[in-house]
Amino acid sequence: MFDGNQFYNLHLKQFPLDFTATITGLYYLVICADGKISEKELVLGKKMIKAEGLDQNKFQVTLETFKLKNQTDLYEDCLGGLKKLDQQKQIRCISWMCVIANSDGFMDKEEWVLIYKIYSTELSLSLDDIMKTQRELNKILHGKEFLSFGVKL
């Protein structure tokens with residue numbers, strides 16, 4: 001039987017993470033950041049898969065594999081994957097992290113620290129661009145502007 005560690009070692013460790021693996025890893029990091037995975041975060045993950053046109057099976061297998069991985073190593077892998085993406089996809093990934101972190105009504109401090117470290121410290125992305133994309137994602141998900149960094153717009 002082929003297990004998650006074998007999948008990771010054969011497919012993800014040997015190659016830089018692609019967009020699907022990167023966004024899956026970032027999703028997992030943000031839902032685990034505060035130590036509580038909420039039902040709303042899980043529901044939003046399913047909506048993200050659909051909105052991004054991701055292969056649900058690949059997402060699930062990758063997610064299960066990442067559950068076996070050390071969080072620090074996963075962070076480093078995701079950061080490497082992000083750095084391989086163009087800036088628009090980087091912004092989109094970070095925006096998804098924000099939308100998911102806000103799914104339960106607010107962004108926990110640990111979620112914010114993770115997101116800030118990636119977008120500001122590691123990638124030097126524009127907060128305005130992230131918030132604009134976050135609003136676009138919320139329009140896709142909810143048909144209106146919703147929450148942006150915990151502030152109702």
### Message
Just to be sure I understand, how many residues within the range 61-85 are surrounded by fewer than 18 Cβ atoms within 10 Å (Cβ to Cβ) and farther than 16 Å from residue 19 by Cβ?
### Response
8
### Query
Does the range 90-145 hold any residues that are part of a helix (DSSP H, G or I) and of a type in the set (Phe, Trp, Tyr), and which are they?
96, 112, 116, 119
### Residue in the range 74-89 that is outside any helix (DSSP H, G or I), over 15 Å from residue 28 (Cα atoms) and either in contact (Cβ under 8 Å) with a residue 24 or more places away in the chain or of a type in the set (Ser, Thr, Tyr) (or both) present
yes
### Message
If I ask for residues that are without any contact (Cβ under 8 Å) to a residue 12 or more places away in the chain and in a helix (DSSP H, G or I), which ones from the range 21-50 would you list?
### Response
39, 42, 46, 49, 50
### Query
In the range 51-72, how many residues are outside any helix (DSSP H, G or I) and of a type in the set (Val, Ile, Thr)?
0
### Message
on the phi < 0 side of the Ramachandran plot, surrounded by 20 or more Cβ atoms within 10 Å (Cβ to Cβ) and modelled with pLDDT under 95: is that true of residue 17 in this structure?
### Response
yes
### Task
With the checklist (1) in contact with a Phe, Trp or Tyr (Cβ under 7 Å, 6 or more places away or on another chain); (2) surrounded by fewer than 21 Cβ atoms within 10 Å (Cβ to Cβ); (3) within 14 Å of residue 24 (Cα to Cα) in hand, flag the one item residue 42 doesn't pass.
(1)
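The values are calculated or read from the model by the stated rules, or taken from the named source; none is laboratory data. Being a predicted model, the structure only gives us computed values, none of them experimental. Glycine also receives a Cβ, built like all others from the backbone with ideal geometry; neighbour counts cover every protein chain displayed.
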